[in-house]
1. In the range 88-110, how many are in contact with a strand residue (DSSP E or B) (Cβ under 9 Å, 6 or more places away or on another chain) and over 17 Å from PRO42 (Cβ atoms)?
2. Tell me which residues, restricted to the range 1-57, are among the basic types (Lys, Arg) and within 16 Å of the ligand (Cβ to nearest atom).
3. Going by the conditions given, is GLY24 more than 30 Å from TYR103 (Cα to Cα) and part of a loop (DSSP other than H, G, I, E, B)?
4. If LYS10 satisfies every condition in (1) surrounded by fewer than 10 Cβ atoms within 10 Å (Cβ to Cβ); (2) in the same structural domain as GLY91 (by TED's automatic domain parsing); (3) among the charged types (D, E, K, R) but one, which is the exception?
5. Of everything in the range 76-110, what is closer than 19 Å to GLY57 by Cα and not in a helix (DSSP H, G or I)? Give them in sequence order.
6. Mind telling me which of the residues ALA90, ALA96, ALA74 ends up being within 12 Å of the ligand (Cβ to nearest atom) and loosely packed, with under 13 Cβ neighbours inside 10 Å?
7. Starting from residues that are small (Gly, Ala, Ser) and surrounded by fewer than 10 Cβ atoms within 10 Å (Cβ to Cβ), keep the ones in the range 21-69 and report whichever is nearest to MET95 (Cα to Cα).
8. As an exercise: evaluate ASP80 against (1) in contact (Cβ under 8 Å) with a residue 24 or more places away in the chain; (2) among the acidic types (Asp, Glu); (3) within 9 Å of the ligand (Cβ to nearest atom) and give the number of the one condition it does not meet.
Amino acid sequence: MNFARLDPSKKEVTALKLRNLQSGKNSELPVSAMFLGIGHIPNAKIFEGQLDMDQDGYLKTTNNVFTKIPGVYACGDVQDRRYRQAITAAGSGCMAALEAEKYLEDKGIE
Ligand SMILES: Cc1cc2nc3c(=O)[nH]c(=O)nc-3n(C[C@H](O)[C@H](O)[C@H](O)COP(=O)(O)OP(=O)(O)OC[C@H]3O[C@@H](n4cnc5c(N)ncnc54)[C@H](O)[C@@H]3O)c2cc1C
């Protein structure tokens, strides 16, 4: 981690190293905590060639959770580029589970 100063004895971050991109000047900002945003890559690569994806790798769904394959549903962060929150993932997970149950019931599979 070369963008932060760490205190190895306490295993804590003590400062962030900043560079002013206009002046090129380096400085340090004392902090006692940081949140590292790592970006978002949907973890859906294993479905490549099987399910439709958009240009960023999100699974494409219709009516929230339906994929192009009957009986296969997608939910949560792999198909949600807008909200990507625990509660929305749980909600769409519930929708997918109910649709899967209905699909199996309609097929007479218990
Ligand atoms: C740093 C960070 C902070 C966040 N803070 C918040 C917050 O404050 N509030 C909030 O609402 N949301 C927050 N989120 C977002 C929230 O965590 C996600 O929206 C939510 O966890 C998505 O749920 P999910 O079930 O779709 O995916 P995940 O929780 O990512 O679950 C996917 C699961 O699939 C498993 N998996 C992956 N590949 C395979 C495979 N090939 N075979 C079997 N299993 C596999 C993974 O191990 C994982 O357990 C945060 C996310 C991050 C990264």
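The values are calculated or read from the model by the stated rules, or taken from the named source; none is laboratory data. The structure presented is a predicted model; accordingly, all values stated were derived computationally and were not measured. Backbone-built Cβ (ideal geometry, glycine too); neighbour counts: all protein chains shown.
1. Matching residues across the range 88-110 total 5.
2. Once the filter is applied, which keeps residues that are among the basic types (Lys, Arg) and within 16 Å of the ligand (Cβ to nearest atom), the range 1-57 yields only LYS45.
3. Yes.
4. (2)
5. The answer is ASP80, ARG81, ARG82, TYR83, ARG84, GLN85.
6. Step by step, each of ALA90, ALA96, ALA74 is checked, and only ALA90 is within 12 Å of the ligand (Cβ to nearest atom) and loosely packed, with under 13 Cβ neighbours inside 10 Å.
7. GLY49
8. It is condition (1) that ASP80 fails.
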